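Report on the following structure.
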Amino acid sequence: MKIAIYPGSFDPVTKGHLDILKSGTELFDKVIIAVAKNSEKTGFLTVDERVMLIKQSVAGMQNVEVDSFNGLTIDYAKQKGAQILLRGLRAVSDFEYEMQLSQTNSALAKDLKTVFLITKPEYNFISSGTIKEIFLNNGDISKFVPEPVNEYLHKRKLKY
Ligand code: ADP
């Protein structure tokens, strides 16, 4: 059974992430999309909020599990019995960082392979960072994020 981990910050999950995830489910028996808790980035949403929004956004998708983890991705992958790390590539600018990460992970866990996928062109330019910026400046993010994310962010904004 081929199990892949799709790790990331997903702060928040976007249509770009979901496109990569969907392609992953066509390639592997199971894909675990997992929010990394030890990300250096300061969070916009809490880890629990991100997990909840991913769960709502993947409802109906086959062979997907949603989770979060502490510590190294390689240790989490081992614990889950996964052989593959799934990552997305947008532009050349992602490449250097992703290559370094992938080679570090291979050096630490030689049986773990990273598979890179590229999204559909219409999702390629989307990043969680840009979405936060558009949203916080009252722009329309509905084209870039799944509906549960759009709804939740608007409700959350009203609360504060
Ligand atoms: P990280 O903080 O680990 O970079 P992200 O949540 O930003 O986590 O992204 C997780 C993965 O998804 C990364 O491999 C990133 O390159 C990829 N990704 C993010 N947005 C897109 C997109 N629009 N198209 C393709 N891949 C994407």
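Each reported figure results from applying straightforward, stated rules to the coordinates on display, with no laboratory input. Computed from a predicted structure; not experimentally measured. Here the Cβ is made from the backbone with ideal geometry for all residues, glycine too, and neighbour counts use every protein chain on show.
In a reduced charge model with +1 at each Lys and Arg Cβ and -1 at each Asp and Glu Cβ, the chain shows a dipole moment near 180 debye about its Cα centre.
Around the amide H of Gly8, modelled in the peptide plane, lie the amide H atoms of Ala34, Ala36, all under 5 Å away and 5 or more residues distant in sequence or on another chain.
Antiparallel beta bridges, as assigned by DSSP with both residues in the chain, represent about 0 percent of the total such bridges.
Of all lysines in the structure, those lying under 22 Å Cα to Cα from Lys30, and not within fewer than 8 positions of it along the same chain, are Lys2, Lys15, Lys22, Lys55, Lys78, Lys80, Lys110, Lys113, Lys120.
The reciprocal of the average 1/r between distinct C-alpha atoms defines the Kirkwood hydrodynamic radius, which for the chain equals 16.1 Å. Counting beta carbons within 10 Å around each of Val149, Val58 and listing the fewest first gives the order Val58, Val149. Of the trypsin sites (Lys or Arg not before Pro) in the stretch 88-141, the ones in a loop by DSSP (not H, G, I, E or B) with at most 13 other beta carbons within 10 Å are Lys110. Projecting the Cα atoms of Asn137, Thr25, Gln62 onto the charge dipole of the stretch 1-159 (Cβ charges, centred on the Cα centre) puts Gln62 farthest toward the positive pole.
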